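Everything below concerns the one structure shown next.
The values are calculated or read from the model by the stated rules, or taken from the named source; none is laboratory data. Only a predicted model underlies this, so the values are computations on that prediction, with no experimental measurement involved. All Cβ positions, glycine included, derive from the backbone under ideal geometry; neighbour counts span all protein chains shown. Ligands, DNA and RNA are excluded from the accessible area calculation, which covers all protein heavy atoms including side chains. Shrake-Rupley method; radii C 1.70, N 1.55, O 1.52, S 1.80 Å.
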Amino acid sequence: MRDDQPKVLISEEAIAAKVAELAERINHDYTGVDELILVGVLKGAFIFLADLARKLTIPRSVDFIALSTYGDGTTSGAVRLIMDLRRSIEGKHVLVVEDIVDTGHTLAYLLRNLQSRQPASLACCALVRKAERAQVEVPLAYLGFDIPNVWVVGYGLDWAERFRTLPYIGVVSPEA
Ligand code: PRP
């Protein structure tokens, strides 16, 4: 059985243009650093990170971290680490790369966790944010798009593990 394809919210072309624009800003802001560690938050960020990393010209490396929410993660805000970074980030410049900021709890937890490891600098880059869902404020140095409170899929984002590899960001309706 195949569902209808999600309606386009952000096209493949619009995403590519935004990724290039973000990469240009990051290249500028980190000019001269010996290494920027890009920390991708699994699973959702893997496509965004892959595209962003390949648009950067500064020295960079890639690492991943995986987090999970306890119970109803959308309201409880309790987050736990299920896979850690491979390398130490002490004294390193770190940019967290997220696909989406919804309530903000995941990123808030992650920033507290990573800050305690004493990086030289720590900043965040998210592709999309649902501003009206925010429960905690998280500093986003780089943001692609503010989106309405709709269920988005594609470009790393899933709906019960489906649609992650769509090349665009689309909307699914809960009735689907
Ligand atoms: C998504 C997304 C963020 C988090 C944001 O991950 O990738 O990590 O939710 O939500 P928050 O701002 O409300 O904390 P998800 O739990 O869907 O896991 P996945 O990336 O493995 O799909």
Inset, instruction - Scan region 79-99 and report the pairs whose first residue is closer than 17 Å to I37 by Cα and whose second residue is loosely packed, with under 11 Cβ neighbours inside 10 Å and at pLDDT 95 or above, with Cβ atoms within less than 8 Å and a gap of 6+ or a chain change. - result: none
Legend entry - Members of region 8-36 that are part of a strand (DSSP E or B) and buried (at least 19 other Cβ atoms within 10 Å of the Cβ): I10, L36
Inset, instruction - Scan region 103-117 for residues that are open to solvent by 40 Å² or more (accessible area, probe 1.4 Å) and in contact with a Gly (Cβ under 9 Å, 6 or more places away or on another chain) and report the count. - result: 2
Legend entry - Selection status of A131, among the aliphatic types (A, V, I, L, M) and open to solvent by less than 20 Å² (accessible area, probe 1.4 Å): no
Inset, instruction - Assess whether G40 counts as being out of contact with any Lys or Arg (no Cβ under 8 Å at 6 or more places or on another chain) and free of Cβ contacts under 8 Å to residues at least 40 places away in the same chain. - result: no
Legend entry - Wholly enclosed strands (runs of 3 or more DSSP E) of region 75-171 bearing at least 2 residues within 13 Å of the ligand (Cβ to nearest atom) and of a type outside the set (D, E): 79-83, 93-101, 121-129, 151-153
